[in-house]
RNA sequence: GCCCUGGUAGUAUAGAGGCCCAGUAUGCGGCGCUGUCACCGCCGUGACCCGGGUUCAAAUCCCGGCCAGGGCGCCA
């Protein structure tokens, strides 16, 4: 309930439930700032009622009743004149954070007390935006002919090599938590054509940065008969749609600039084949918004990446400044080529036999990408730390809450 | 894995060897105030991460531990 929602109820008596955000006591009149999932609104108690209600601990969940009247509040043209109240469940008087936000707690303290933290409308807004973002993504991709799929997160073999995976015991056999849906989404292209998945993935890397988590959310797509440029157009369109749908002001360029890997290597004075470090990307990306880096050396990309000429690949990364938001490109669809790329990447084709099967059944050419949703949201909401846009972040130091 | 920084009331902070049995804000308890809007004023409450050491004297310096934040690497 927000003050403006009370407008149509002027003169009527209402009964509302919610929590007490704060009190402003002025002698015989007390203003009670009430909160509920929709927002904050003002209620007023006088005389005896005022004396009684201020004894209820802040953040307690209560029921109030009384008529709605026009008020003089700056942010609350309408208010509830409290005729009675009932404490449904009281809160501790010592709270680990201050939901009235008179003192701002640190991110760690807030995350450790997330449910209470989210009683702050501004903090709740982050996750309402996140929810809406996911809705926009689903609508955009579904509207573009993609089918939403669910692939397993418990897997038997490493999907791409590279990142460390979490290993665990699966009824006596070794199993891993999925690092990406890469192999499954490519297999599904065979019959579904265009697929997408929004899910959590896991990396067992002991990263200690503001942009890495051990459990993160990825938006993945894969599309039959799409070329790399089609995949790039799609993600650019999706990013634009998200800014539009979420009403985030941002000076979006006509088109996202495209740089080649070689441009950056030359700019940084590196040699072909060197990976681009955070330092190089931060330097190159300084002052830049969204842009693409294309034509990476095949040696720096996973085995399923389609080669371009001898040394390059049909790949791209979507960047924001120095931060990698997504990566993708065209994939290999020919069995023989995939087999030899596996070997060239130092992987054992035998352990990918389940996956390779699909490439003998008429696999169409295809392209796709995987996008770090948390990272995009971080940029979109102008947050410094990925943990700010994840409800219960998992990093190497935090397994709880 | 490497490196840097930091742990002071519930929360957020001041503090750089004696001015500190630790100051401020907010919270909490109390008193006053009839329209606030971070209401205000007054009183009270509550803290130096743990263990050693140096020193006449340690929140402050040194060593170790634990915990946390961040950078690099890895990676999305």
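The values are calculated or read from the model by the stated rules, or taken from the named source; none is laboratory data. Since we're looking at a predicted model, the values are computed, not measured. Glycine also receives a Cβ, built like all others from the backbone with ideal geometry; neighbour counts cover every protein chain displayed.
Number of residues in segment A:275-287 that are outside any helix (DSSP H, G or I), over 16 Å from residue A:315 (Cα atoms) and within 16 Å of RNA strand B (Cβ to nearest atom) equals 2. For segment A:134-144, does any single residue satisfy the condition of being on the phi > 0 side of the Ramachandran plot and either within 25 Å of the chain's Cα centre (by Cα) or surrounded by fewer than 14 Cβ atoms within 10 Å (Cβ to Cβ) (or both)? No.
In segment A:142-151, is there at least one residue being modelled with pLDDT of 95 or more and either outside the structural domain of residue A:218 (by TED's automatic domain parsing) or closer than 26 Å to residue A:341 by Cα (or both)? Yes: one or more hits. Exactly one condition in (1) within 16 Å of RNA strand B (Cβ to nearest atom); (2) more than 30 Å from residue A:356 (Cα to Cα) is false for residue A:153; which is it? Among (1) within 16 Å of RNA strand B (Cβ to nearest atom); (2) more than 30 Å from residue A:356 (Cα to Cα), the lone unmet condition for residue A:153 is (2). Return a yes/no flag: does segment A:1-18 have any residue that is out of contact with any helix residue (DSSP H, G or I) (no Cβ under 8 Å at 6 or more places or on another chain), within 10 Å of RNA strand B (Cβ to nearest atom) and assigned to a strand (DSSP E or B). Within segment A:1-18, not a single residue is out of contact with any helix residue (DSSP H, G or I) (no Cβ under 8 Å at 6 or more places or on another chain), within 10 Å of RNA strand B (Cβ to nearest atom) and assigned to a strand (DSSP E or B). Here the condition is being assigned to a strand (DSSP E or B) and within 13 Å of RNA strand B (Cβ to nearest atom); of A:64, A:88, A:33, it holds for A:33 alone. For residue A:202, the conditions (1) at pLDDT 95 or above; (2) surrounded by 16 or more Cβ atoms within 10 Å (Cβ to Cβ) are fulfilled apart from (1).
So that you can scan it fast, the table gives a plain yes or no per residue for (1) buried (at least 21 other Cβ atoms within 10 Å of the Cβ); (2) closer than 17 Å to residue A:181 by Cα:
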| site | (1), (2) |
| --- | --- |
| A:282 | no, no |
| A:296 | yes, no |
| A:318 | yes, no |
| A:334 | no, no |
| A:342 | yes, no |
| A:351 | no, yes |
| A:376 | yes, no |
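Look at segment A:166-181: where a residue is over 13 Å from residue A:215 (Cα atoms) and a partner is assigned to a strand (DSSP E or B) and modelled with pLDDT of 95 or more, sitting 6+ places away or on another chain with Cβ atoms under 6 Å, you get A:181/A:197; A:181/A:220. Restricting A:262, A:236, A:247 to those that are assigned to a loop (DSSP other than H, G, I, E, B), more than 13 Å from RNA strand B (Cβ to nearest atom) and assigned by TED's automatic domain parsing to the domain that holds residue A:326 reduces the list to A:247.
Within segment A:96-116, the set of residues being more than 6 Å from RNA strand B (Cβ to nearest atom) and closer than 14 Å to residue A:20 by Cα comprises A:99, A:100, A:101, A:116.
Could you go through segment A:334-344 and let me know if any residue there is within 13 Å of RNA strand B (Cβ to nearest atom), touching a residue at least 12 places away in the same chain (Cβ under 8 Å) and touching a strand residue (DSSP E or B) at 6+ places or on another chain (Cβ under 9 Å). No - not one qualifying residue is present in segment A:334-344.
Taken over segment A:327-363, the criterion of being under 32 Å from the mean Cα position of the chain (by Cα) and in a loop (DSSP other than H, G, I, E, B) is satisfied by A:332, A:333, A:345, A:347, A:363. The requirement of being within 30 Å of residue A:194 (Cβ to Cβ) and buried (at least 17 other Cβ atoms within 10 Å of the Cβ) is not satisfied by residue A:91.
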